[in-house]
Every structure is written in C-alpha cells, then in structure tokens.
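The values are calculated or read from the model by the stated rules, or taken from the named source; none is laboratory data. Computed from a predicted structure; not experimentally measured. Glycine gets a Cβ as well: all are built from the backbone with ideal geometry, and neighbour counts include every protein chain shown.
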Amino acid sequence: VDQDINASGLLKSSIVKSTATGENPYQPSANVAFAGNVTGTINGIPGDSISKTPGTLIVADGSTTLNTKRADYVVQPGSVSAETVINQAINALPANGGKVVLLEGTYTISGSIIIKSNVTLEGQGPSTVIKLANENSSNTRMITNAVSTDVNIMLNSFVLDGNKDNVTNSPTGIYLTGQNVVVSGHVIKNVWLRNHKYGPMMLFSLNGTTITSCFWTNNPGYNSIYGYNLKNCNIANNVIKNSQGISLFKLNNISMANTITGNVIDGCDKGINLTETSNNTISGNTLQNINGSGIILDLSNNNTITGNICRVCSNTGITLLRSSNNSLIGNVCSENSTSANNVFSNIELIAVDTVASNYNNIQNNVCRAGSLVNKPKYGVLIGATCTGNFICNNDLTNSGVTGAIADYGTNTNTTAGNKTA
C-alpha cells in the first residue's frame, strides 16, 4: 500500500487527486499520475521505477513502448521525427541539467537530438533503439551537442541504428565537438552503434572524454571512432566487429595523451590508426582478422604500445611509419600477412621519402609466423634509412618465412636477448 494512502484508503495531499468524470477524488484512481514517491508495485511495475526524480524526465514511444503511462513525453504513434519530442524533454530540464530517460521502444528520427551541458540521455539497453528514418537524404547528425563549450554530457544504454541501407548522403551517429582547452568530461557508455553508412562516432577537439563498454557492428563505411584533435581521452573496453576501427588525427600538435585500452577489434577494415599524434598509450587491445594492419602509427612520436595482440591481419601486425621515439613492449604479433605469403612482416619500421622511423624501443614482443597458408616475411623489419632503433629481448622464433629480423637501417641495436631459433 502506498505510504501516501491512510489506513482508511483515503488519498493524502502529496498524491495528485483524480478529476476524471465519475471518480471519487479521495479514492485511488487508474487515471491519475502520482506526485510523490511510490512503494510496492503498480500493475506489476516496481514503484521505485516509476517514482518521479527531480531533474529526470521520461520519454516513451507511442507505437513501441509497452507502458506509456510512466512517461512525461510520448512520441506520437507512427512518428518519424521522435527527435522533436526528445528535444522538448531535454529543453524542459532545469538550467543546471538533468536526465532524459528513454523507455524501451524504437524512436525513429529525421533530425538531430541535441544534447546540452550536464545532460544525460539514457535508455534501457538494447531494448531502446534510436533509428534514422528511411529515405533520409540529409547529412543528419543523429546525436550532437548544442555548442562546443558543452561539458559533462552522458550517453548511456541505448542502440543507435543508422539504417544505412535506406538512407542517402552521409549521416553520422554521435557527433560531438569541443574546444580542446576546456575539459569536456563527456561519457559515452553502453551504446550499441550499428548499420551506419558514414561515421558512427565522430569526435572533434574534445578533452577528457570517455568512451567505454560500447559495441559497434555492421558499420563498413567509415571509422568506428574518428577522433580529431583529441586530448586526454579514454577509449576503453569496447567491441568493434564488421566495421572499421579507431583513427585519431591531430592539428597543430594538439592530439595527445589519449588512452586506447582493452578494446576488441575483430573482422574490420582497419585496426587502430594514429596519425600525427603523440604521447598516447595503446595497451591490452585485441586486433584480429583485420583487412590491413593491426596498429599503424604515422608521423606519431613518443607513444607507448604495450600488451596488444595483433593476429591474422592482411598486412602487418604493427607498423611504425615515419614515427620515432615510440615504445613497443610486450605485444604478440602472429599469423599476419594473410593477403600474400612472405610479403608483410609482423612488425615493421618504415621510412617514407626523407622521414624515417628512428630511435624506437622494441622489446619483449612475441612474433610467430603461424600455420596459415600465407605467412609473414619477417618477425621484425627495419626499413632503409631508419636509425638508432633498439630491437632487443624479443621472442622471434619461427616468426617469418624469410627470417626473424631484417635490418636495412643504420645503428640498429639487435645484439641483446632476441630469440630467433
């Protein structure tokens, strides 16, 4: 029995009284919303799941949500512009932010859901789907922020479906912008991104954003995470399948000090690519069945790559391209060069034109050729004009068809502790 109903069954003042025709306003009603907290259950629903929380608004879809009576806002049945109602809820939150909860259902949108500072958009997990409408011919950003100075946005527990087979142009999934010098503090977690024709997640000039426990599938058109000018961001414990991988880029030496850790990238057209970024950490990731190389650094210096598994990649396991002063420690690279036998190596350090890969520290890695038809050429290849690299204490037994180490560079240190037989 609700605490706001007295022993005689009469309603007390903290519950809204019914004004429906034919109902006694002092008796419980099936039509009235509760203003106070509710204990016990109503229609089998735990009371605490429908009690009002300050700063929280609930949205339901009129066609697909099982019980719309719990909602403050309801999308009209058959609507393909659910973003209008969701944005109304966001705009109705207090000035200091709050939470919009999407109940289970499919919310079909034709325009952007626009998130503001200190606002959480939260679903019920896989049962809450935000889907782009058919025949959408605009470059819709499905979820985006209002201004680049927004902070502390959270996206949590829903599916974002790009409906790629039924749209034209290049719509994107999550599109967030910042100012880099401002710590954004955004969190994206437990989001499923699927069927995107273009970028499922595009992040620009963000500082201190976390992407964790998300899942990408069937997004072949563009990078699963495209990060431009990111700083102090954490990309951790995500799963990416049948899509493209993670790419970070920079402008004016801004992209730096990001962490990419504990992710699984499987069956994708890219692994992890860093271009012109520095002081990043790539650790504990598993990259397999990659069409390309597992990890590529291009013009990227002073990064740490440690404890990753790169296997069954069509090209290399790890490539340092025009990249210097990086540490590759404790990685496992095996069964790579699947696209052609005896062509690509498990680990490669390469120069392009006059820019070489110099003074890198390659230690305690394990490389294996494996048993597939196509095998890597070398365990480690140091390309021409690369200078002063330290290649020591690696296990390179049976690591390549042609050999364990190929050193075409200068002043390479390979004298200590490499196991090659």
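Here are the numbers:
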{"item": "Residue selected from segment 273-287 under the condition touching a Ser or Thr at 6+ places or on another chain (Cβ under 8 Å) and hydrophobic (A, V, I, L, M, F, W, C), by the criterion surrounded by the most Cβ atoms within 10 Å (Cβ to Cβ)", "result": "ILE282"}
{"item": "Residues satisfying the stated conditions in segment 239-279, i.e. assigned to a strand (DSSP E or B), over 18 Å from ASN331 (Cα atoms) and not small (Gly, Ala, Ser)", "result": "VAL239, ILE240, LYS241, ASN242, ILE246, LEU248, PHE249, MET256, THR275"}
{"item": "Criterion violated by GLU135 - all others in (1) at pLDDT below 95; (2) out of contact with any strand residue (DSSP E or B) (no Cβ under 8 Å at 6 or more places or on another chain) satisfied", "result": "(2)"}
{"item": "Selection count where residues are touching a strand residue (DSSP E or B) at 6+ places or on another chain (Cβ under 6 Å) and crowded, with 22+ Cβ neighbours inside 10 Å, scope segment 369-388", "result": "6"}
{"item": "Of the criteria (1) out of contact with any Lys or Arg (no Cβ under 7 Å at 6 or more places or on another chain); (2) buried (at least 19 other Cβ atoms within 10 Å of the Cβ), which one SER255 fails", "result": "(1)"}
{"item": "Subset of segment 117-132 [over 19 Å from THR65 (Cα atoms) and touching a strand residue (DSSP E or B) at 6+ places or on another chain (Cβ under 7 Å)]", "result": "VAL119, THR120"}
{"item": "Check on VAL264, in contact (Cβ under 8 Å) with a residue 60 or more places away in the chain and either under 21 Å from LEU396 (Cβ atoms) or surrounded by fewer than 22 Cβ atoms within 10 Å (Cβ to Cβ) (or both)", "result": "no"}
{"item": "Any hit, segment 100-107, residues being acidic (Asp, Glu), outside any strand (DSSP E or B) and either buried (at least 21 other Cβ atoms within 10 Å of the Cβ) or out of contact with any strand residue (DSSP E or B) (no Cβ under 6 Å at 6 or more places or on another chain) (or both)", "result": "no"}
